[in-house]
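These notes are about the structure you will find just below.
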Amino acid sequence: MSKQVLHTKFGTAIMNNGYYTISSIKEGNRAKRLHRLIWADFYGCEIPKGYVIHHKNGIKTDNCILNLQLMRDSDHKSFHNAGENHNFYGKHHSEKTKQKISNALKGEKHPLWSRHQS
């Protein structure tokens, strides 16, 4: 299986966990994500602390500047954990699992957890 590779002005980028990440050393961008470099280069500034670059269309490899949006990290997490974006959206739990979740939210300890506490 061949890796997806892009040659950019920021260095050679390879697919890594769904994102293009710079793999070459000489440009000084090794291990940086390509979409973050593209946004910072276009706007001529660093990404502020506590902010992320969001792919508007949800396609992590679409690094067109029109698809990249600066967002506060907290807003980004909220966006991806709401409605259809939530990990559990459309999934159904057994009654046993629902009871375990309910007990955990009430602060009740699971029998296996108590063994590891002193």
Work out the FRET efficiency for His7 and Cys45 from their Cβ-Cβ distance, taking R0 = 22 Å, and round it to the nearest 0.05.
-> 0.30
Rounded percent of accessible protein surface that carbon and sulfur make up, the range 1-67, 1.4 Å probe = 54 percent
Label-point separation in nm, Arg30 to Glu95, each point 7 Å along Cα→Cβ | 5.8 nm
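State the extension gain, in nm to one decimal, for the chain segment bounded by Ile59 and Met15, taking 0.36 nm per residue of separation less the distance between their alpha-carbons. Walk me through the intermediate numbers first.
Numbers: separation 44, 0.36 × 44 = 15.84 nm, distance 1.29 nm.
Full-extension gain reported as 14.5 nm.
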Given the pairs Lys32/Lys56; Lys9/Lys56; Lys32/Lys60; Lys9/Lys32; Lys56/Lys100, which span a C-alpha to C-alpha distance of over 25 angstrom in this model?
-> Lys56/Lys100
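The values are calculated or read from the model by the stated rules, or taken from the named source; none is laboratory data. The shown structure was predicted, so the numbers you read here are calculated from the model rather than taken from an experiment. Heads up, the Cβs are rebuilt from the backbone with ideal geometry, glycines too, and the neighbour counts pull from every protein chain shown. The area values use the complete protein model at the heavy-atom level, side chains included, leaving out ligands, DNA and RNA. Shrake-Rupley method; radii C 1.70, N 1.55, O 1.52, S 1.80 Å.
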